[in-house]
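Encoded as structure tokens, the structure appears first; notes follow it.
What follows is calculated from the coordinates using simple rules that are stated; it is not laboratory data. Owing to the predicted nature of the structure, the values given are computational and were not obtained by experimental measurement. Positions of Cβ are backbone-derived with ideal geometry, glycine not excepted, and every protein chain shown enters the neighbour counts.
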Amino acid sequence: MTTAPAATDATTLQGWLEDSAATEQLGQSLARTRPAQAMLELQGDLGAGKSTLARALLRALGVQGAIRSPTYTLVERYPLEAGGEAWHLDLYRIGHAAELDFLGLDEGDVRLWLVEWPERGAGALPPMDLRLELAVDGLGRRYALVAHSAAGRQWLARLAAANELPG
Ligand SMILES: Nc1ncnc2c1ncn2[C@@H]1O[C@H](COP(=O)(O)OP(=O)(O)O)[C@@H](O)[C@H]1O
Ligand SMILES: [Mg+2]
């Protein structure tokens, strides 16, 4: 069963992802509508679909070749066709946010941040624009997108206007 995505207010968008393809579709839509510079947090338990979405988003931005999981490296960096870089972080394995000091997070022309397990890097990450919350629900996933800045709200508005969101 699918239901249309619901905009509960200007800062939240919720819906249902029936399978991995739907998660990838959401990643592609986020890529198409992203602001010039953005920080996207990906929140959800192990297996919720964070990496699936990040990979689809990066592919849609033109990243070719392998898209590795940053599980052990903490960060993977990708040059973007449009200029600058996208940085994909997975902080599941860090013990303390101070460990991020060694990653040089403040160096580089980062146009897009994708951060899995952002709660583990609290205080050491750039300010968030948008948070995607993913939760396992039966065979699929529920999602909520929550804007935390003006850029995040614009992102949500463009997503809603694009009218291509999965259920
Ligand atoms: N909407 C969905 N419905 C069902 N399975 C999904 C969905 N999205 C992703 N998956 C699957 O869930 C598994 C875990 O996904 P993954 O992206 O590695 O999760 P995470 O990075 O959050 O730990 C993968 O096998 C993926 O194909
Ligand atoms: Mg992952």
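Out of all the residues in the range 126-144, is one or more surrounded by fewer than 17 Cβ atoms within 10 Å (Cβ to Cβ), more than 21 Å from Y78 (Cβ to Cβ) and hydroxyl-bearing (S, T, Y)?
no
May I ask you to say which residue of L139, L105 is among the aliphatic types (A, V, I, L, M), over 18 Å from A60 (Cα atoms), within 16 Å of ligand 1 (Cβ to nearest atom) and out of contact with any strand residue (DSSP E or B) (no Cβ under 7 Å at 6 or more places or on another chain)?
The conditions single out L139.
For the range 47-78, give me each residue that is hydrophobic (A, V, I, L, M, F, W, C) and touching a residue at least 12 places away in the same chain (Cβ under 8 Å).
Across the range 47-78, the qualifying residues are A48, L53, A54, A56, L57, L58, A60, L61, V63, I67, L74, V75.
Go through (1) away from ligand 1 (no atom under 13 Å from the Cβ); (2) in contact with a helix residue (DSSP H, G or I) (Cβ under 9 Å, 6 or more places away or on another chain); (3) in contact (Cβ under 8 Å) with a residue 40 or more places away in the chain one by one and return the number of the condition E99 breaks.
Status for E99: all satisfied but (3).
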